[in-house]
Amino acid sequence: MDPLADLVDWIALYGVFGLLSIGLAERFIPALPSHGVLVAIGIAVNDDAWSVQAAVVGTTIGSFTGALALYLLARAIGEGKSVTLLYFIGKWIGVSRQRIDQTLSYLRAREQAIAITSQLIPTIRLISPLAAALLGTSLLRFTSGLAVGIVLWNGLFIAAGYLAVMALPGINSSALALKILAFLVAVELLVALTCRLQLRSPKRLRRKGDVR
């Protein structure tokens, strides 16, 4: 049984439109395993469903369109209301305004790099357009970083599927996706831990300065 392969068979019926649609859908359906679908799409290249280039371009355009729509929606609400909402949610979950301000300052100072790298982190990549809008990231800076990040993400997994089926003909795409997911979860935890330590470092330096 290979549910991802069945999904890709359905996508293949619609050609490039199917690739655009699945790229768009993964932005709004968290339960849809983006990495798994991309791996299965890469495997389908070997069956001449589409070329590697068409797979990357089609899914990238769809994903880019969805992310841009989320960004523009958040910007339409207005930065002031968005920040107020952010403070409200922070208070509700027990995060102080000071901590929120420090976190936003940290992200704003690195917004170009984060626009790219956030697209390479599961779950985070889905909410990053909203975060970018809240931070006031310019449209040009956001879209340029977004495009690079999506191409890297989609290209990586499509290539992984394509190379895997060449090395292991008949490989089960769903089983391969689960193995990749385990690796991605480990990477995400490592990134989260690193960010937390970096956020704590300035506080420790200030404390040492106060003691002196």
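Within region 145-158, identify whether any single residue is over 30 Å from ALA54 (Cβ atoms), outside any loop (DSSP other than H, G, I, E, B) and modelled with pLDDT of 65 or more, and answer yes or no.
No, region 145-158 contains no residue that is over 30 Å from ALA54 (Cβ atoms), outside any loop (DSSP other than H, G, I, E, B) and modelled with pLDDT of 65 or more.
In region 6-22, which residue that is buried (at least 16 other Cβ atoms within 10 Å of the Cβ) and at pLDDT below 80 is nearest to VAL56 (Cα to Cα)?
In this case the residue turns out to be VAL8.
Counting residues that are among the polar types (S, T, N, Q) and modelled with pLDDT under 65, which helices (runs of 4 or more DSSP H) fully inside region 66-142 reach at least 1?
Qualifying helices (runs of 4 or more DSSP H): 97-108, 111-117.
Among the numbered criteria (1) crowded, with 19+ Cβ neighbours inside 10 Å; (2) modelled with pLDDT of 80 or more, which single criterion is violated by ALA177?
So the condition that ALA177 fails would be (2).
The values are calculated or read from the model by the stated rules, or taken from the named source; none is laboratory data. All of these numbers come straight from a predicted model, not from anything done at the bench. All Cβ positions, glycine included, derive from the backbone under ideal geometry; neighbour counts span all protein chains shown.
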